Every structure is written in structure tokens, then in C-alpha cells.
There are 2 protein chains.
Amino acid sequence: MEELKMVKNIFKTVAVVGTGVIGRGWIRVFTRAGCHTRIYDIDSSQTHKTLDWVKRDLNRDVSDDIISSQQAQACLSLISLHTDLEEALTGAQYVQESCPEQLEIKQSIFSKMDEISPSNVILSSSTSGMDIEDIAGGLRGASRCFTAHPCNPPHVLPVVEMMPTKALDSVLLEKAIDFLSGVGQKPIRMNFFIPGYLVNRIQAAVVREAIHLVQSGVAGVEAVDTVISDGLGLRWAIFGNFGTNNTNADGGIREYYNRFGQTYINLMKELDSNPPDFDKEMIEQIGQGVDTMEGDAPISDICRWRDRMILKIRKLKEQDPHP
Amino acid sequence: MEELKMVKNIFKTVAVVGTGVIGRGWIRVFTRAGCHTRIYDIDSSQTHKTLDWVKRDLNRDVSDDIISSQQAQACLSLISLHTDLEEALTGAQYVQESCPEQLEIKQSIFSKMDEISPSNVILSSSTSGMDIEDIAGGLRGASRCFTAHPCNPPHVLPVVEMMPTKALDSVLLEKAIDFLSGVGQKPIRMNFFIPGYLVNRIQAAVVREAIHLVQSGVAGVEAVDTVISDGLGLRWAIFGNFGTNNTNADGGIREYYNRFGQTYINLMKELDSNPPDFDKEMIEQIGQGVDTMEGDAPISDICRWRDRMILKIRKLKEQDPHP
């Protein structure tokens, strides 16, 4: 019955611009850390819907003993709703934009935010697919604009992919990274833009091979999932890829790659590099396998379980950290 | 301070043939479940070294509060050492072979085991790379021979990849699967042989993309690992790939693949499908990144931490199972 332990956060007031699925998660991140969180959406029914979602989600976590009802109340008391952008940004030292993934929308909102807010305010975008240079590279305040792309849901999965514009101000980037670390996230730095960033590229590599395995008929959906959830994924939850490889030989990753490099090269040549079709037939084949595997529980219940399990795993890692 | 809860196991006596790293792990699996475990190696100094390792590993788990010293004693009391194969297999209802990965060695040992042991005894191989058809397909008792390929270490990671010979006896395969489930593993079925099976193919897909990301300069070793350990891997520890994809859209995996199929196709075309070189320079680049990330802890300490963390995560999943 306690929150993930938070380090100090450095900004007292933040703004969340855009209140879709990602924006909501950010509200939970910032309020959990004690930030006054000013929520903006052009549509007031949308901000109210979001507040309802936050309340429901907090109650769910109270029921699941993840937070106390006092903590839930404290989070709610930090929220204010706004339909005027200038008002929403008043006093905010950090802004997290999570509007729809359309370049024109993001360009327009960044342009407005750059005009409105003092030049030392950090403006971050949750974009998962666009280059921040395209969104904000041309603005006077480009150096304070970053991509801060979270995993979904951000209040459960800590990693955030950070990418500056070409006008990069390193001090501001460090400040953004410190802040996001302070509110309990794990910001990591990308040096330049690539499609899919890191998260979605690695995910795509797994999705591709997993679908190929099922489509080839070598094993079913549940078997392929078990290989991850009761094998590879248990290691990946505590290490990443390289940390895992480093424990795959007594002498560490150099010994492992020296010994198995050629085996990997041969195996990698075997993997089918063509994307699956994602046509009706394929989707239905996988869908039916998932139906059988997942049973009757509604997806919302499965997500709730996912969220609470992940928070518990993170707590284990906090209590017994990497030596 | 308790073991992972075991379901009933159906064989009282088993044999472990070959006492390398994988064989040792199997000894821990079988003794933990209460099986009399008869250990064979041609070299008696090797069987004694293995017993020493098992003792050390049990003591380590006692110190880490994973098992009680009583449980450790109980495990040890179930072990007997043999340098005669016929003697080792006496009374064994299930045999797990984990000899070196050389076809001639495995063929020879399977041929001997098939002669020695009654026809209803299951003979499984831990081979990670060979086709069981090549090892045992020509034997009179081919129908009771299977691949049962574990992840390493088997007493920590439950998944086991099961593959029959062409002479498949389905009843025996079910019996082998029931037994391995009974001792706490998660056996999954492969329908035919493919290089790398499932585990190492999915691992290779991740290794390839992770190395490409570092070599391209887009991000460092630690950043790429964080994307997994504090993002993707937290989901993969509780679901596999498809279970995760199923929670990526409110309407489940069909909606997710319908909406993002084209995005995935485009992204998959971006991924570099060539294997990395695994040359000196590449291995040193990654090695240095790992050195910086991992710090000074000896790999044995890191492995010990890995093992205890994974057992804790598995316990979380047992205590709060998928809805």
C-alpha cells in the first residue's frame, strides 16, 4: 500500500496538453509526484471525461492496494482543467503535449506554446512517430523543444525516449531528463531521429518473428507467448538485451558474442525478414489463437492486472536493485 | 521462504544424463519437485563437481530466503551419483539427457539408453540446436524420444520446448508434458524442427536489432537496454508478444493489427535484416558499453540477483494470476 518511491521533482507546476490515452497517463505520472497539473483540451467535455477517467483509475489503484485513498485524493487536488491554452500554461515550468499524431496539429500547438510561454519553459511532445525537428525545428524556441515519447501507459511503464531538435540546448535537455527522472520515469537519450525510435523497432522485430512462427505452423499463439512470458521476458524485465547477454557466459558478453557470434549470424539469416501481410486471414488466425489463450476476461480486466503486476515487478526491482 | 508451489509430479525416479550447466539446472528442477534423481556422467570427478555445485547453489538459495535449509537437505538426499549408465537408469521413469552438443555423442547415448531402459521410459534431450529426428529417429524406441529444450537456467526459467520424432507417440508426449508441468516447468509444443527453435529465434531478432541500434549511433548500450528493462520487457514478463498486442487497443489484437498493420509493415521494412558482424571491433564497442552500465559487480553476483528476481516475479504471477 505505497506508491513507487519518488525522487525529488524539480518543477512544481506542469501542463498536460491533449487528453487522449497518453495524456491521461501523464496526468497520473505528474500528480503522483506532487506536481500541480494543469490540463488543457480545446473541448471541455473532453477534459471532464479525462478527469472522470483519472478518478476511476485512481479508485482502481486504491482497490488494488497500490495507493491509499488519501494519496488518490491528494492527486486529484493537484488537477485543474482548462480550455484556454494560455491559461493552462500559466505558471507551468514543463509542458507535455499529447495531441493527435498529425503533423499540422502538433506544429500549430507548438507554435502557439512557443509564443505564449517564457523561454525557459520546456516543451515536450509525446509523439511516437514524428521527428521533433519537423514539429518545432523552425520555432524561435526550438532549443527548448524535445520529444519525450513514453511507453503506454506512462504511469506504469517508466521508459521515455528523449530527442532534441537540431537547436539543442544541452542544459535544457539535462533539466528535462532530471525532471522526468524526478517524477519516476526513466528517460533515455536518442542521438538522432529514426522511424519507430527504439521501443517500436525492437517491438516490431519481436512482432515480426512471433507472427512468422505462428504462420509457419511450427507452434501456436500460446506456445510462442509462453516462450517469452516464461522464458525470455522474465530476463528482459530485469535486464535489457545486453545485460541478459552479459550473463549468458561466465566470462560476460565478450565471451558470449565470441563463442556464439557465428551461430547468431547463421540463425539471423534464417529469420524471415519480410513483414507479415496483416491481412484479414492472418489477423483472424492470430485473433482466434489469442481468444483461446486469453479466455473470457474483458480486456479492461486484463489491462488492470497488467498494470498492477508491472508496478509490483518495479517495486521488486526497487527493493532489491541490481548489484 | 518457500519454494515455488509444485503441482503433483507423476514420476518418482528420474535420471539426469550429462552434468554440464544445463544438466545441473535439471537436477535442481527434479529434486525440488521431490523426484529421486540419478545422475550419470562417464567421469566420476564430474559427478562430484556437479554435486558440489548443487550444494553451493542450494546454500545460495537458503541465504537468499528462497528455500529453507530443510528443503535444501531434502533435495540433496534425493541425489545419487553414477558412472555406469545402466545403473543410473535403473528405476528411472524419465531421463533427461544434457550431453555436449555433438551429434555423434547424442546419437550414441540415445542408442545405448534405448537398449537399456524399458520401452515405456521417456528419453528427452536438452539439445538446443539439433533435430531429435537426427539424434534418435532411427531407433526402435524413437516414439519415446523427445527434445525437451529448456531455457538457461532451467530451475529459474520454466519454459521447455518439446519436439517429438516422426515416430511420435502422442500419449507418451502428453505424459512427458504432464510430468514437466508437474515439476513446475512450462512445456510448449513445436510441430516440426526449425533452427533455433522458438526461443533462440526470438532472442536473435532482439539481439540483431539491439546491436544495429547501438552500431548506428542512435543510442547507447544502456539506453537500448532501458527500453526493454523499463518498458517492453515489463510487459513481456507477464504476457508474451500476442498477449501484449491484445492489450494495445481497447478492442484487442484484431483492432490493434487492423489499425497499426501498415505502420508495422513500413517499420519492419526499415529494420536492418543483415546480421551484425560480431567482429572484434563490434564486440569491444558493445563490451565497453556493458562495462559502463554494469559497474564492478562480478557476473556471478549479477546472475545470483537475476535468478532470485526471476523467482520473485514468478511468485507474483502465481499469487495474482492472469484473470
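Counting pairs of alpha carbon atoms under 8 Å apart in space and at least six apart in sequence, what relative contact order in percent does chain B give?
Once divided by the residue count of chain B, the mean separation gives 15 percent.
So how strong a dipole does the range B:238-323 carry about its Cα centre when Lys and Arg Cβ are +1 and Asp and Glu Cβ are -1, to the nearest 20 debye?
660
Just from the alpha-carbon atoms, what are the Rg and Dmax of the range A:173-323 in angstroms?
Here Rg and the maximum Cα pair distance are 18.6, 50 Å.
Between A:VAL221, A:VAL16, A:VAL183, find the one with the highest GNM mean-square fluctuation for chain A; connect C-alpha pairs within less than 10 Å.
A:VAL221
Measuring nothing but label to label, 7 Å from Cα along Cα→Cβ, what are A:ASP277's distances to the other copies in nm, shortest first?
Here A:ASP277 shows inter-copy label distances of 4.0 nm.
Looking at the range A:161-283, how many pairs of lysines come closer than 30 Å at the Cα, when each pair is eight or more places apart or spans two chains?
So the count of such lysine pairs works out to 4.
Starting from the Kirkwood radius over alpha-carbon pairs of the protein assembly as shown, derive D by Stokes-Einstein at 37 °C in a medium of 0.692 mPa s and give it in µm² s⁻¹.
My calculation gives 126 µm²/s for D.
So what J values fall out for the range B:176-188 if you push phi through Karplus, 6.51 cos²θ - 1.76 cosθ + 1.60 with θ = phi - 60°, rounded to Hz, Gly and Pro as x?
Working through the residues one at a time gives 5, 5, 4, 4, 5, 4, x, 8, x, 8, 10, x, 10 Hz.
Let me spell out the model: positive unit charges on the Cβ of Lys and Arg, negative unit charges on the Cβ of Asp and Glu, origin at the Cα centre of chain B. What dipole size does that give, in debye rounded to 20?
1140
Taking the Cα centre as origin and putting +1 on Lys and Arg beta-carbons and -1 on Asp and Glu beta-carbons, what dipole magnitude results for the protein assembly as shown, to the nearest 20 debye?
That gives a dipole near 1200 debye.
Remind me, relative contact order of the range A:23-177 in percent, using alpha carbon pairs under 8 angstrom and six or more residues apart?
Averaging sequence separation for qualifying contacts and normalising by length gives 20 percent for the range A:23-177.
Among A:SER111, B:ALA167, A:LEU76, pick out the residue whose Cα is farthest towards the positive end of the charge dipole of the protein assembly as shown, where Lys and Arg carry +1 and Asp and Glu carry -1 on C-beta, about the Cα centre.
A:LEU76
When each copy gets a label point 7 Å from Cα toward the beta-carbon at B:ASP320, what are the spacings between them in nm, shortest first?
1.7
Among A:CYS303, B:CYS75, which comes first, then next, by fewest other beta-carbon atoms within 10 Å?
Ascending Cβ contact count within 10 Å gives the list A:CYS303, B:CYS75.
Does chain A classify as rounded, prolate or oblate by the C-alpha gyration tensor (a ≥ b ≥ c root eigenvalues; a/c under 1.5 gives rounded; else a/b over b/c gives prolate, otherwise oblate)?
Since a/c reaches 1.5 and a/b is larger than b/c, the shape of chain A is classed as prolate.
In degrees between 0 and 90, to the nearest 10, how far off the longest principal axis of chain A does helix A:103-116 point, with axes built from Cα atoms?
40
Between the alpha-carbon centers of the range A:39-69 and the range B:202-248, tell me the distance in whole angstrom.
The range A:39-69 and the range B:202-248 have Cα centres separated by 30 Å.
Which whole-number percentage describes the relative contact order of the range B:1-92, with Cα contacts under 8 Å and a sequence gap of 6 or more?
It rounds to 38 percent for the range B:1-92.
Name the residue, out of A:MET282, A:MET309, A:MET130, whose mean-square fluctuation peaks in a Gaussian network model built on chain A with Cα pairs under 10 Å.
A:MET282
If I build a Gaussian network model for chain B, linking alpha-carbon pairs within less than 10 angstrom, which residue out of B:PRO195, B:PRO187, B:PRO150 has the largest mean-square fluctuation?
Maximum fluctuation in the GNM of chain B, among the listed residues, is at B:PRO195.
Please list, in order along the range A:78-83, the HN-Hα scalar couplings obtained from phi with the Karplus expression 6.51 cos²θ - 1.76 cosθ + 1.60 (θ = phi - 60°), rounded to whole Hz, x for Gly and Pro.
My calculation for the range A:78-83 gives 8, 9, 10, 10, 9, 10 Hz in order.
Quick one: what are the phi-derived ³J(HN,Hα) couplings along the range A:54-65, Karplus 6.51/-1.76/1.60 with θ = phi - 60°, whole Hz, x for glycine and proline?
Each residue of the range A:54-65 in turn: 4, 4, 4, 5, 5, 4, 4, 6, 5, 4, 8, 6 Hz.
Could you point to the residue in B:THR50, B:GLN93, B:SER181 farthest towards the positive end of the range B:13-189's charge dipole, with +1 and -1 charges on the Cβ of Lys/Arg and Asp/Glu respectively?
Checking the options against the dipole of the range B:13-189, the answer is B:SER181.
Shortest first, in nm, what separates the label point of A:ASP291 from those of the same position in the other copies (7 Å along Cα→Cβ)?
Its label point is 5.6 nm from the equivalent points in the other copies.
Read-outs throughout are calculated quantities, based only on the coordinates presented, and are distinct from any laboratory measurement. Source: prediction; values computed, not measured. Reconstructed Cβ throughout: ideal geometry from the backbone, glycine too, with neighbour counts over all protein chains shown.
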